[in-house]
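Please read the structure below before turning to the comments.
The values are calculated or read from the model by the stated rules, or taken from the named source; none is laboratory data. Because the structure is predicted, anything quoted here is derived from the model rather than measured. Because the Cβ atoms are built from the backbone with ideal geometry, glycine has one as well, and the counts that use them run over all protein chains shown. SASA here: full protein model, heavy atoms, side chains in, ligands and nucleic acids out. Shrake-Rupley method; radii C 1.70, N 1.55, O 1.52, S 1.80 Å.
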Amino acid sequence: MVRPREFDRDEALQRAMEIFWSRGFAATSTDDLLQAMNIGRQSLYNAFGDKRTLYLEALSAYQRKTTSGHLRRLSDPASALEGIRALLMGLIAEDDRVRCLGCMGVGSVGEFGTTDAVLMEQRAKVGAALGTRITERIREGQAGGEVDNGLDAGEASAFIQVTMTGLQLAARAGGGLEELRAIASFATDRLRAV
């Protein structure tokens, strides 16, 4: 008879996500995961498979959560520029400890680059959805007269996405709250119609 699982899988996944987010894949050992998740080795393998499979699931959960927040902040304001500003400002945690973690997705890019096809596919899906919505908001802003009509909406969207990455890297490197907010405002204001 198989023993029932004696732990909350979602909670264990959350704990794994947090340790991968703070340390990255390579610097996180299986023992680190077992301790953080408060489960035994066999439970880890039975519930999640190996370390890589767990990492992919944790990263996917992280990306679902953060992307839904990004899309909500981007879409909620009636003003397209305010939506873009909210998107960028929302990346900047007020808590120093959280802010210095940066972004788990950006961390995976730094760690794996283009060497992992599964991660590249996962990133492409997330990036495409967000990029499409940013482009839509830029076009809305152009139609409403608040975003410069001389800008190519796709290029401006790419600029905002690169700014998002830059903000997360700067946060991971210890960037301060006000410094990062100033960068987010500067980037948003570059889109403004004159």
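Suppose we keep only residues that are among the aliphatic types (A, V, I, L, M) and either in contact with a Gly (Cβ under 7 Å, 6 or more places away or on another chain) or at pLDDT below 95 (or both) within the stretch 118-138. Which one would you say is least open to solvent (accessible area, probe 1.4 Å)? By that ranking, first place goes to LEU119. Number of residues in the stretch 21-31 that are free of Cβ contacts under 8 Å to residues at least 40 places away in the same chain and either more than 22 Å from PHE7 (Cα to Cα) or in contact with a strand residue (DSSP E or B) (Cβ under 6 Å, 6 or more places away or on another chain) (or both): the value is 2.
Taking (1) open to solvent by 60 Å² or more (accessible area, probe 1.4 Å); (2) without any contact (Cβ under 8 Å) to a residue 12 or more places away in the chain; (3) part of a helix (DSSP H, G or I) in turn, LEU34 satisfies each apart from (1).
Inspection of the stretch 139-146 finds no residue satisfying the criterion of being open to solvent by less than 50 Å² (accessible area, probe 1.4 Å) and among the aliphatic types (A, V, I, L, M).
Tell me, yes or no, whether the stretch 14-30 has at least one residue that is over 21 Å from the mean Cα position of the chain (by Cα) and in a helix (DSSP H, G or I). Yes, the conditions are met somewhere in the stretch 14-30.
Residues in the stretch 165-183 that are buried (at least 16 other Cβ atoms within 10 Å of the Cβ), touching a residue at least 24 places away in the same chain (Cβ under 8 Å) and either of a type in the set (Gly, Ala, Ser) or at positive phi (or both): ALA171, GLY175.
Do the conditions hold for ARG85, that is, is it under 23 Å from ILE183 (Cβ atoms) and without any contact (Cβ under 8 Å) to a residue 60 or more places away in the chain? When the stated conditions are applied, ARG85 does not pass them.
Residues in the stretch 152-164 that are open to solvent by 60 Å² or more (accessible area, probe 1.4 Å) and part of a helix (DSSP H, G or I): GLU155, PHE159, VAL162. Where residues in the stretch 101-115 are in a loop (DSSP other than H, G, I, E, B) and among the hydrophobic types (A, V, I, L, M, F, W, C), which of them is surrounded by the fewest Cβ atoms within 10 Å (Cβ to Cβ)? Looking at the filtered set, the residue picked out is LEU101. Within the stretch 89-109, being of a type in the set (A, V, I, L, M) and either touching a Ser or Thr at 6+ places or on another chain (Cβ under 8 Å) or more than 15 Å from GLY174 (Cβ to Cβ) (or both) holds for MET89, LEU91, LEU101, MET104, VAL106, VAL109. Among the candidates ALA78, ALA47, which residue alone is farther than 27 Å from ALA173 by Cβ, free of Cβ contacts under 8 Å to residues at least 12 places away in the same chain and out of contact with any Asp or Glu (no Cβ under 7 Å at 6 or more places or on another chain)? When all the criteria are applied, what remains is ALA78.
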